[in-house]
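J.: My structure is below; once you've seen it, I'll send some questions.
The values are calculated or read from the model by the stated rules, or taken from the named source; none is laboratory data. Bear in mind the structure is a predicted one, so any value in this text is a computation, not a measurement. All Cβ positions, even for glycine, are placed from backbone atoms using ideal geometry, and neighbour counts span all protein chains on display. Side chains included, ligands, DNA and RNA excluded: accessible areas come from the protein's heavy atoms. Shrake-Rupley method; radii C 1.70, N 1.55, O 1.52, S 1.80 Å.
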Amino acid sequence: MSAKPHPSEPGLIFAWEVRDYSLWRLVLALLALMLAMAGFFFVFRIVHPTVQRPAVTPQHVISLNPANPAELALIHRAQDRSFALLSDDDSDLQVKSPLLAFQPTFAGHEIKLKDLDPAPAAIQQPRLFTAAADVLPPVPARSISHVPVAPEARLHAVMSPSLAQRGPASVELEGIKLTEPTRVQFRVAVGRAGQIITALPLSSVEDPGVMQQLHAAVTALRFTPAEVKQVEWGEISFRWEAARKP
């Protein structure tokens, strides 16, 4: 860091003219630390470890003569101490296993193809009946009972209680093939003279032609005139009823 004084101007509250000696203090601290570490290594004799290799002595081969009695005695002593190493018979050296000997059941088995199963002999059964023999008893003739004919159904328009007071409760409609009568309902407005002013379908079916026929049949209905109410609202539903016998 620079030790030059900072330029100062009159009126400042900071002491810019004070010299900064922190860099020299850092250098002196580093030098003191280096001297302390060097003294530490010198006092405790800290050196790099060296590897000491052991001295290797060469091996010698000694040849003994069996004709010399002294050397022959050394040979016998060596044979007595290393009997297991110098023995030619390995049968005594085998250690028996504590586990039981495993003998598989398929040892020595030879794989062969299995013979084919013989074809079953055809069983000859005696024929008890022939094709032309009549073995069953005769069947009595079936009596044809009279099946009652279902009465013919007719489509009727059913009025709500408020409309039934001014006309018939049910009106027969001809020529309309309505398969689901419970799904269709009309909201109608009856005028003072008994005519249908408005017929709004609350629900409909998929066939538009049937809906047109129902709308035309509803608008053609007539009720008795009323002297009090100008417009009276009601509902008209549909259902199939059996035709009455004359």
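J.: When the residues of region 217-228 are filtered to those that are touching a strand residue (DSSP E or B) at 6+ places or on another chain (Cβ under 7 Å) and not in a strand (DSSP E or B), which remaining residue is farthest from Lys177 (Cα to Cα)?
T.: In this case the residue turns out to be Ala226.
J.: For region 118-138, give me each residue that is open to solvent by less than 100 Å² (accessible area, probe 1.4 Å) and either outside any loop (DSSP other than H, G, I, E, B) or of a type in the set (Phe, Trp, Tyr) (or both).
T.: Correct list: empty.
J.: Scanning region 139-193 for residues that are small (Gly, Ala, Ser), assigned to a strand (DSSP E or B) and farther than 18 Å from Val205 by Cα, which turns out least open to solvent (accessible area, probe 1.4 Å)?
T.: Residue satisfying both the conditions and the ranking: Ala189.
J.: Check Thr198 against each of (1) within 57 Å of the chain's Cα centre (by Cα); (2) among the β-branched types (Val, Ile, Thr); (3) modelled with pLDDT of 85 or more; (4) exposed (fewer than 14 other Cβ atoms within 10 Å of the Cβ) and name the one condition it does not meet.
T.: For Thr198, the failing item is (1).
J.: Something else about it: With a cut-off of at least 2 residues that are at pLDDT 75 or above, name the helices (runs of 4 or more DSSP H) lying wholly within region 1-116.
T.: Hits in region 1-116: 22-44, 69-81.
Here is a yes/no grid of residues against (1) touching a His at 6+ places or on another chain (Cβ under 8 Å); (2) in a helix (DSSP H, G or I); (3) within 19 Å of Pro161 (Cβ to Cβ):
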residue: Ile197; (1), (2), (3): no, no, no
residue: Val205; (1), (2), (3): no, no, no
residue: His215; (1), (2), (3): no, yes, no
residue: Gly234; (1), (2), (3): no, no, yes
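J.: Also, I was wondering about something else. Of the numbered conditions (1) of a type outside the set (Gly, Ala, Ser); (2) free of Cβ contacts under 8 Å to residues at least 60 places away in the same chain; (3) open to solvent by less than 80 Å² (accessible area, probe 1.4 Å), Pro208 satisfies every one except a single condition; which is it?
T.: For Pro208, the failing item is (3).
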